[in-house]
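The values are calculated or read from the model by the stated rules, or taken from the named source; none is laboratory data. Being a predicted model, the structure only gives us computed values, none of them experimental. Neighbour counts are summed over all protein chains in view; Cβ atoms, including those assigned to glycine, are modelled from backbone coordinates with ideal geometry.
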Amino acid sequence: MLKVFSCSDTGRMRKNNQDCVYTSDLPMGDLLNVFIVADGMGGHAAGEMASRTAVNTMIDNIKASNESNPSISLKNAVLKANKAVFELSVEETIAEGMGTTVVACTFIENVVQAVNVGDSRMYVITPRDIKQITVDHSLVEEMIRRGGLTREKARSHPEKNVITRAVGIKPDVEPDIYTHILESGDTVMLCTDGLTNMVTDDRIRQIISGSPDVASAAEKLINEANENGGLDNISVVLIRYEEN
């Protein structure tokens, strides 16, 4: 059984919300459920257009899909979204250069399968641990992996928002695929960097583990990100897996 709650907030410093969130715990196409978070970029109108176009294209593609492998279904949906956003950026002057991050997942019993492009993330949280499952496509992540930067210093690095891979920037993109086995009580979180740049991973774990349900946890996360500055749009999807 999945317990789901999602919320998105403009934050304290932005006038527009360029994030787009979609959740469905009901079957869609060949998937039993689907959860998507996208963070648009390219200016106010273009960013909103990019994230919304990507999410809507993914939903349409998933509804029409008959792919037997859920992770491939998600990947194909991201590829279609990339094509749609890129073509729109070429056709519309206001959308030139726009793009978006995407992180999406689907559950089959206690297995969660995910895809990502960019630096929106998926985590798995237990009462004692928090684990980032996806790997950011960002400049600071490459610096960390080369050993030139610690994760603590990466949080305040001046180029922490430089993305090395995004949906719609180029004609082609390569999504990464992940699979994780869950235990009853684990919480999966999809989020944009408006949360993770404002709230540490350990504090995220404390809030989620200390909340009575996913709704109150998500609201507390949004509030804390805003209390810490709210420098960007903040989007959170929490999915708690519990065995029937």
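For K131, state whether it is surrounded by fewer than 22 Cβ atoms within 10 Å (Cβ to Cβ) and closer than 27 Å to M198 by Cα.
yes
Considering only residues of segment 184-216 that are hydroxyl-bearing (S, T, Y), assigned to a loop (DSSP other than H, G, I, E, B) and surrounded by fewer than 21 Cβ atoms within 10 Å (Cβ to Cβ), which is nearest to the chain's Cα centre (by Cα)?
Of the residues in segment 184-216, the ones hydroxyl-bearing (S, T, Y) are 184, 187, 192, 196, 200, 209, 211, 216.
Subsequent filtering for residues that are assigned to a loop (DSSP other than H, G, I, E, B) retains 184, 192, 200, 211.
With surrounded by fewer than 21 Cβ atoms within 10 Å (Cβ to Cβ) added as a condition, the list becomes 184, 200, 211.
On the way: S184: 22, T200: 17, S211: 22 Å.
Among those that are hydroxyl-bearing (S, T, Y), assigned to a loop (DSSP other than H, G, I, E, B) and surrounded by fewer than 21 Cβ atoms within 10 Å (Cβ to Cβ), it is T200.
In contact with a Gly (Cβ under 9 Å, 6 or more places away or on another chain), within 18 Å of D119 (Cβ to Cβ) and in a helix (DSSP H, G or I): does that describe A38?
Spelling it out, it is not the case that A38 is in contact with a Gly (Cβ under 9 Å, 6 or more places away or on another chain), within 18 Å of D119 (Cβ to Cβ) and in a helix (DSSP H, G or I).
Taking S65, is it closer than 21 Å to P27 by Cα, in contact with a Ser or Thr (Cβ under 6 Å, 6 or more places away or on another chain), surrounded by fewer than 24 Cβ atoms within 10 Å (Cβ to Cβ) and polar (S, T, N, Q)?
Values: closer than 21 Å to P27 by Cα: yes; in contact with a Ser or Thr (Cβ under 6 Å, 6 or more places away or on another chain): yes; surrounded by fewer than 24 Cβ atoms within 10 Å (Cβ to Cβ): yes; polar (S, T, N, Q): yes.
Yes, satisfied.
Please go through segment 1-27 and pick out each residue that is surrounded by 17 or more Cβ atoms within 10 Å (Cβ to Cβ) and modelled with pLDDT under 95.
Answer for segment 1-27, where residues must be surrounded by 17 or more Cβ atoms within 10 Å (Cβ to Cβ) and modelled with pLDDT under 95: just R14.
Scan segment 30-61 for residues that are over 17 Å from the mean Cα position of the chain (by Cα) and on the phi < 0 side of the Ramachandran plot and jot them down.
D30, L31, L32, H44, A45, A46, D60, N61
Return the total of residues in segment 89-138 being part of a loop (DSSP other than H, G, I, E, B) and not aliphatic (A, V, I, L, M).
15
One residue is enough: does segment 174-183 have a residue meeting the conditions surrounded by 19 or more Cβ atoms within 10 Å (Cβ to Cβ), modelled with pLDDT under 95 and either in contact with a Pro (Cβ under 9 Å, 6 or more places away or on another chain) or under 16 Å from N116 (Cα atoms) (or both)? Break it down stepwise before answering.
Of segment 174-183, the ones surrounded by 19 or more Cβ atoms within 10 Å (Cβ to Cβ) are 175, 182.
Filter once more, so that each one left must be modelled with pLDDT under 95: none.
Within segment 174-183, none of the residues are surrounded by 19 or more Cβ atoms within 10 Å (Cβ to Cβ), modelled with pLDDT under 95 and either in contact with a Pro (Cβ under 9 Å, 6 or more places away or on another chain) or under 16 Å from N116 (Cα atoms) (or both).
Would you mind telling me which numbered condition in (1) farther than 16 Å from I133 by Cβ; (2) in contact with a His (Cβ under 9 Å, 6 or more places away or on another chain) T101 fails?
For T101, the failing item is (1).
Restricting to segment 81-110, give me the number of residues that are buried (at least 18 other Cβ atoms within 10 Å of the Cβ) and among the basic types (K, R).
0
Based on this model, can you work out whether F5 counts as touching a helix residue (DSSP H, G or I) at 6+ places or on another chain (Cβ under 7 Å) and either at negative phi or among the basic types (K, R) (or both)?
Values: touching a helix residue (DSSP H, G or I) at 6+ places or on another chain (Cβ under 7 Å): yes; either at negative phi or among the basic types (K, R) (or both): yes.
In short, yes.
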